[in-house]
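To start, the structure under review is shown below, and the notes come after it.
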Amino acid sequence: MANDPVRVGVLFSTSGATSTIGCSQLQGTLLAIQEVNDAGGVDGRELVPVIYDAQSDPAVYAALAERLIVQDRVNVLFGCYMSSSRKAVLPIVERWNKLLFYPTIYEGFEFSSNIIYTGAAPNQNSVQLAEFMTSNFGARVYLVGSDYIFPYESNRIMGELVLQRQGSDKVGERYVPLNASAAHFKPILDDIRAKQPDFIFSTVVGDSTATFYRAYAEAGLDPKRMPIASLTTSEAEISQMGNEVAAGHFTAAPYFQSIQSAQNVLTLERFRRMFGQDAVPNMCWEAAYFQLHIFANAFRQAGSDEIVDILPHILGSEFDAPQGRVRIDTTNHHTCLYPRIGVVNSQGKFTIVREATRAVHPDPYLVTHSLGDWTTALTSLEL
Ligand code: ACM
C-alpha cells in the first residue's frame with residue numbers, strides 16, 4: 001500500500017568474535033534509517049529494520065538471511081562483516097533474487113549481481129598500504145592473520161605487492177583462530193623477534209586484534225622500528241586494546257573519525273546524539289551509514305525496493321558520505337572510495353598521513369595493481 005511501512009533486513013553480529021565492529025555497523029545503519037524516517041521516510045513510507053544477531057557465525061548468517069527473506073519478506077538486507085559470512089549469505093540472496101548491501105572492507109575477487117559492496121577493495125587499501133610501508137619501513141614483511149578466507153586472500157595480495165619491491169622478502173606467514181588468546185600469539189611474536197621484519201601485516205580480525213596488539217606491546221616490540229600495518233584495525237578495535245597499545249601502528253581505510261569534512265563532523269554529531277559518547281565510528285560504521293542512504297535514494301526514484309526495479313537506480317548513484325562523495329560502480333557493484341592511511345596517535349585516533357585527492361575506482365580483481373590518484377601527501381610523516 002502507498003503509505004505502508006517497509007521492512008528491511010539488518011543482519012550484523014552483536015555477539016561473538018566480531019561483535020564490537022558488528023555493533024558499530026548496526027548503529028551506522030540505524031542512524032541512517034532514523035535520518036530517512038525523520039525526513040518523512042521514502043515517499044511517506046517508514047523504513048522498519050528487522051534486526052537479528054548473527055553471532056559472528058556464518059551458518060547463523062545463512063539461516064537468518066533465509067528467514068529475513070522467507071518469513072519477514074524483506075527485499076533488501078544490510079549486513080555481514082567477515083567474508084565467510086558474506087560467502088554464506090551470497091547463495092541465499094542469489095537463490096531468492098534479493099539484494100545484500102555489504103559495508104565491509106574485503107579481499108576482492110568476487111562479483112554477485114545481488115550484492116552491492118561498499119567497503120574498500122584491495123586496489124583501494126592494500127596497494128596504497130604496500131607502497132607506503134615499503135617506502136617508509138622496508139620490504140621484509142611478516143604476515144599474521146585470523147584463520148579464514150579474508151586473511152588468506154589479503155595476505156596473498158599483500159605478499160604479491162610487497163614482493164615487487166627491491167630487497168623484499170616474505171619472512172613469515174601465520175594464522176590464529178578467531179578466538180585466539182595471548183598464548184597463540186606468543187610463539188608468533190618470538191618468531192617475529194627472531195626474523196626482524198621491516199613491518200608486520202596483520203589481517204587478524206575481531207576481538208583477538210586487541211589481544212595481538214597487546215601481546216606485541218608486552219613482547220617489548222617497537223612500532224617506530226617494526227610497526228603493524230592493517231586493513232581492519234579501526235577505532236573500534238583501538239577502543240578494545242587501549243590507546244597506548246595502538247599508538248604508532250598503521251591502518252589503510254577510506255574513513256577515519258578524524259576526517260575534518262563538514263559532512264563527517266555533522267554526521268558524528270548526529271550519531272553522538274543518538275548513541276552517546278562511547279560508541280565508536282569507524283570505516284565499517286561509515287559504509288553501513290552511507291549505503292543505507294544510497295538505498296533510500298534509489299528506492300525513492302524506483303518507487304519499489306524489488307531488485308529489478310531498484311538496481312538500475314543504485315548503480316551509478318552517488319552520495320556525500322563522511323569520507324567524501326562516493327559512487328556505486330555500474331559494472332562491478334563496488335564503490336568509488338578515498339584511500340587513506342592513518343597512524344594511531346596518543347588519543348587513540350588516526351592521524352591521516354596520506355590521502356587520495358579523488359575517489360579511486362574499485363578494481364576488485366586487481367587488474368591494474370595501480371596506485372590510482374595517490375599523489376598527495378597531506379601531512380608529512382613524523383615518526
Ligand atoms: C572481512 O572478513 N572482510 C573483514
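The values are calculated or read from the model by the stated rules, or taken from the named source; none is laboratory data. None of these values were measured; they are calculated from a predicted model. Quick reminder, even Gly has a Cβ in these numbers, built from the backbone with ideal geometry, and neighbours come from all protein chains shown.
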| task | Please identify the pairs in which a residue from the range 321-345 that is under 19 Å from PHE250 (Cα atoms) has its Cβ atom under 8 Å from the Cβ atom of a residue that is of a type in the set (Asp, Glu) and not in a strand (DSSP E or B), counting only partners at least 6 apart or on another chain. | result | GLN323/GLU286
| Single match in VAL93, VAL60 (criterion: part of a helix (DSSP H, G or I) and farther than 18 Å from GLU306 by Cα) | VAL60
| field | Leading residue by the ranking (nearest to SER146 (Cα to Cα)) among those in the range 53-76 that are within 16 Å of the ligand (Cβ to nearest atom) and in contact with a Leu (Cβ under 8 Å, 6 or more places away or on another chain) | value | SER56
| said: Checking the condition farther than 30 Å from LEU315 by Cβ, crowded, with 23+ Cβ neighbours inside 10 Å and either modelled with pLDDT of 95 or more or more than 10 Å from the ligand (Cβ to nearest atom) (or both), which residue from SER126, SER135, SER146 passes? | reply: SER146
| task | Determine if the range 81-88 includes at least one residue that is on the phi > 0 side of the Ramachandran plot, within 16 Å of the ligand (Cβ to nearest atom), surrounded by 21 or more Cβ atoms within 10 Å (Cβ to Cβ) and not in a helix (DSSP H, G or I). | result | no
| Out of all the residues in the range 158-171, is one or more touching a strand residue (DSSP E or B) at 6+ places or on another chain (Cβ under 6 Å), crowded, with 23+ Cβ neighbours inside 10 Å and of a type outside the set (Val, Ile, Thr)? | yes
| field | Unmet criterion (only one of (1) closer than 26 Å to THR232 by Cα; (2) more than 16 Å from the ligand (Cβ to nearest atom); (3) in a strand (DSSP E or B); (4) among the hydrophobic types (A, V, I, L, M, F, W, C)) for VAL50 | value | (1)
| Of all the helices (runs of 4 or more DSSP H) wholly in the range 172-254, which have at least 3 residues that are in contact (Cβ under 8 Å) with a residue 40 or more places away in the chain? | 182-195, 235-241, 243-246
| field | Residue in the range 92-103 that is more than 16 Å from the ligand (Cβ to nearest atom), buried (at least 21 other Cβ atoms within 10 Å of the Cβ) and under 20 Å from the mean Cα position of the chain (by Cα) present | value | yes
| query | Is the range 312-319 home to any residue that is buried (at least 19 other Cβ atoms within 10 Å of the Cβ) and not in a helix (DSSP H, G or I)? | reply | yes
| note | The correct count of residues that are touching a helix residue (DSSP H, G or I) at 6+ places or on another chain (Cβ under 9 Å), free of Cβ contacts under 8 Å to residues at least 12 places away in the same chain and not in a helix (DSSP H, G or I) in the range 277-311 is 2
| task | For GLY167, work out the one condition from (1) away from the ligand (no atom under 15 Å from the Cβ); (2) among the small types (Gly, Ala, Ser); (3) modelled with pLDDT of 95 or more it doesn't fulfil. | result | (3)
